[in-house]
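What follows is a short report on a single structure.
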Amino acid sequence: MAMGVFDLLSTVFDAAQSLFGLVIPDALSLGIWALLASFLSMWTYGRLSNQEALNHIRPLQKTASKRLAVYDGPFNGLWPLVRENFSLSAQQMWLTFFPALVATIPILFVLPWVSNTFGSQFPETGEPVAVRVESYTPYELHWNLNEKPQKSGTGRWTLSWPIEGETLDLLDQTDQAVLVLPLSEPTPVLHKKLWWNYLIGNPAGYLDPDHVVESISFDFPSREFLPIGPDWLRGWLPLFMLYLVSFSLLLKWRWRLH
């Protein structure tokens, strides 16, 4: 795997998930990873934020908002109340913004790994897969197949997923391999290395930086965790976010964080 900074714990997560997978279903594993992310995030926020100052501001803010809501005097008497509300809100934002920003870092270590682990999966043998190639100049590519795959436009094919041990090569005009299937990981997009890949890597690696091909995308099937609802609701992200928000709110209440 081509790792970025936020992928450094992925081998540890892989080892833990291999144990979880022996005893619990993946839908519950998602809950464990969401609990880990929310716990570390809320703990970081609680440690870095000035909860004593926030605890002092909150009742003042409620009182100021109530005075503003019930005020029925002359217009020039309104501005001091508005300024007081804005001042208290600005103080609260100042006290919470940077701790909240730093508190997202634990989530950034967990989220890319969860996406790679519970997102797409390889097709079954013989299952049709759409492949799309994007390049900055027109370029002729072909596959090392006896039977040409179905072509649906420039740089677009539908091909049958190979059997185990077989490879499919996408070749350029000089018969050099631009792509070899199957990939090492079922990532839906293969591209050249970009600046943000130093933070979050592409698990399947990268394309040749000197080649005209910019990216190759695949319609890999997504893993489903919910038996009902539209397709976008059945994947890992909605369930993970539900876990994450629920655990975060629970910890916020339990630790009395502001």
Number of the exception - ILE216 against (1) within 15 Å of the chain's Cα centre (by Cα); (2) among the β-branched types (Val, Ile, Thr); (3) within 25 Å of GLN173 (Cα to Cα):
(1)
Unique match (being within 30 Å of ARG58 (Cα to Cα) and among the aromatic types (Phe, Trp, Tyr)) among TRP143, TRP157, TRP94:
TRP94
Tell me which residues, restricted to the range 213-240, are loosely packed, with under 13 Cβ neighbours inside 10 Å and of a type in the set (Val, Ile, Thr).
ILE228
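Which is more than 18 Å from ASN202 (Cβ to Cβ), modelled with pLDDT of 85 or more and either among the acidic types (Asp, Glu) or not assigned by TED's automatic domain parsing to the domain that holds TRP43 (or both), of GLU164, GLU147?
Numbers: GLU147 fails: modelled with pLDDT of 85 or more.
Being more than 18 Å from ASN202 (Cβ to Cβ), modelled with pLDDT of 85 or more and either among the acidic types (Asp, Glu) or not assigned by TED's automatic domain parsing to the domain that holds TRP43 (or both) holds for just one of GLU164, GLU147, which is GLU164.
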Condition first: closer than 19 Å to ARG254 by Cβ, modelled with pLDDT of 90 or more and under 20 Å from the mean Cα position of the chain (by Cα). Can you find one or more residues in the range 87-103 that meet it?
yes
For the range 72-86, state whether one or more residues are within 30 Å of SER38 (Cβ to Cβ), at pLDDT 85 or above, within 39 Å of the chain's Cα centre (by Cα) and not charged (D, E, K, R).
no
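Tell me whether the range 58-71 contains one or more residues that are assigned by TED's automatic domain parsing to the domain that holds LEU250, over 30 Å from PRO112 (Cα atoms) and touching a residue at least 40 places away in the same chain (Cβ under 8 Å). Reasoning before the result, please.
Let us first name the residues in the range 58-71 that are assigned by TED's automatic domain parsing to the domain that holds LEU250, namely 58-71.
Filter once more, keeping what is over 30 Å from PRO112 (Cα atoms): 58-71.
Narrowing further to those that are touching a residue at least 40 places away in the same chain (Cβ under 8 Å): 58.
Yes: the range 58-71 contains one or more residues that are assigned by TED's automatic domain parsing to the domain that holds LEU250, over 30 Å from PRO112 (Cα atoms) and touching a residue at least 40 places away in the same chain (Cβ under 8 Å).
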Mind checking whether some residue in the range 221-242 is hydroxyl-bearing (Ser, Thr, Tyr) and farther than 13 Å from ALA27 by Cβ?
yes
Scan the strands (runs of 3 or more DSSP E) fully inside the range 166-258 and keep the ones with 1 or more residues being within 21 Å of VAL114 (Cα to Cα).
189-191, 213-218
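The values are calculated or read from the model by the stated rules, or taken from the named source; none is laboratory data. None of these values were measured; they are calculated from a predicted model. Ideal geometry is used to build each Cβ from the backbone, glycine not excepted, and the neighbour counts take in all protein chains shown.
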